[in-house]
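Trainee: Take this structure, written in structure tokens, and hold onto it; I'll ask about it next.
The values are calculated or read from the model by the stated rules, or taken from the named source; none is laboratory data. Keep in mind the model is a prediction, meaning the values are calculated, not measured. Cβ: placed from backbone, ideal geometry, glycine included. Neighbour counts: every protein chain shown.
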């Protein structure tokens, strides 16, 4: 026994016909390296454009996600022994409660929406995405158990009344959060907060998040291009409402309240987290530049014809250009 409580969440129960990946056999170092390389590099073999909404675009998107699947098993991940000071600092990071809860919501919302899709390939890709979110939650739960991190009680999650809304909220949330997580993870590596062995353990999870938002960006383009005019108008209105909701949430105007009325931890922890993982702190400009660089690096191995999430990287690049412009003027 490893002290890890079994999670009974079942993607196949929400997505009829989905066959979860079979447990991977034990792999040697060469096989692990090959699986990691496959996860990071993929190209559609046929030449020509991948027009959003076309069958070819949808097929390539689903094939990318399937071909880049990494069969690592959370149960055999090696959690290194940490020096007491390093362990205490990691335990004190203000991210673990919301990280575990976010993965729990993501798996449910993705599976609920996947179950509504008629296209079998896209349905299977989104169901696999939900299965991988479940695996991320398993990884985090095992880390929490390994290092004795105390978590707040996890609320019961219910399927969303509007599965498409739930999937859009989750997808765009991941596009925002992953952009900053890429930079924060690299900052933690450079600062030494995450020892090399722990970086290696978490690295597959970080790259999987890159695959997830690559899938989401291409699903969104594929889906909207196939809608009729009126349905497209409704969809774009829903997307705009999702962005408004996420902006409201992240600037702290919407607060989750616990049972005692005290403010629970919200989603706006990026800069707090940055100060926690760097001994000397980090400036906003340096953090944005690192996030942009890490975002570009993680997407570099995938076919350039597949669409990337664009909104947050564009806003970050705009902020950096404005900072340089005003810096020169001063």
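Trainee: Of the residues in the range 74-87, how many are at pLDDT below 85 and assigned to a loop (DSSP other than H, G, I, E, B)?
Mentor: 2
Trainee: Can you find a residue in the range 142-164 that is part of a helix (DSSP H, G or I) and closer than 25 Å to residue 234 by Cα?
Mentor: Yes, there is a match, as at least one residue in the range 142-164 is part of a helix (DSSP H, G or I) and closer than 25 Å to residue 234 by Cα.
Trainee: Can you name the residue in the range 268-314 that is surrounded by 17 or more Cβ atoms within 10 Å (Cβ to Cβ) and more than 28 Å from residue 40 (Cα to Cα) and is also modelled with the lowest pLDDT among such residues?
Mentor: Taking the candidates together, the pick is 276.
Trainee: Could you tell me whether the range 102-113 includes any residue that is farther than 24 Å from residue 246 by Cα and under 18 Å from the mean Cα position of the chain (by Cα)?
Mentor: no
Trainee: Let me confirm something: among 50, 108, which residue is closer than 22 Å to residue 208 by Cα and either surrounded by 15 or more Cβ atoms within 10 Å (Cβ to Cβ) or in contact with a helix residue (DSSP H, G or I) (Cβ under 7 Å, 6 or more places away or on another chain) (or both)?
Mentor: From the options 50, 108, the qualifying one is 108.
Trainee: Going by the conditions given, is residue 23 outside any helix (DSSP H, G or I), farther than 24 Å from residue 194 by Cβ and within 25 Å of the chain's Cα centre (by Cα)?
Mentor: Taking the combined requirement at face value, the residue satisfies it.
Trainee: Take the range 202-216 and flag every residue that is at pLDDT below 95 and either out of contact with any helix residue (DSSP H, G or I) (no Cβ under 6 Å at 6 or more places or on another chain) or outside any helix (DSSP H, G or I) (or both).
Mentor: 202, 203, 204
Trainee: So which of 55, 67, 59 ends up being in contact with a strand residue (DSSP E or B) (Cβ under 7 Å, 6 or more places away or on another chain) and surrounded by fewer than 18 Cβ atoms within 10 Å (Cβ to Cβ)?
Mentor: From the options 55, 67, 59, the qualifying one is 67.
To keep it simple, each residue is scored yes or no on (1) more than 30 Å from residue 227 (Cβ to Cβ); (2) in contact with a helix residue (DSSP H, G or I) (Cβ under 6 Å, 6 or more places away or on another chain).
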position	(1), (2)
15	no, yes
18	no, yes
21	yes, no
28	yes, no
38	yes, no
54	no, no
58	no, yes
62	no, yes
68	no, yes
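Trainee: How many residues, within the range 162-201, are modelled with pLDDT of 95 or more and out of contact with any helix residue (DSSP H, G or I) (no Cβ under 7 Å at 6 or more places or on another chain)?
Mentor: 1
Trainee: Right, something else. Checking the structure you have, find out if any residue of the range 241-250 is in contact with a helix residue (DSSP H, G or I) (Cβ under 8 Å, 6 or more places away or on another chain) and at pLDDT below 90.
Mentor: Yes, the range 241-250 has at least one match.
Trainee: Give the residue, chosen from 34, 30, 60, that is in a helix (DSSP H, G or I) and under 24 Å from residue 130 (Cβ atoms).
Mentor: Only one candidate passes the filter, namely 60.
Yes/no matrix, rows are residues, columns are (1) surrounded by fewer than 22 Cβ atoms within 10 Å (Cβ to Cβ); (2) modelled with pLDDT of 95 or more; (3) not in a helix (DSSP H, G or I):
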site: 72; (1), (2), (3): yes, no, yes
site: 89; (1), (2), (3): yes, no, no
site: 94; (1), (2), (3): yes, no, yes
site: 116; (1), (2), (3): yes, yes, yes
site: 124; (1), (2), (3): yes, yes, no
site: 130; (1), (2), (3): no, yes, no
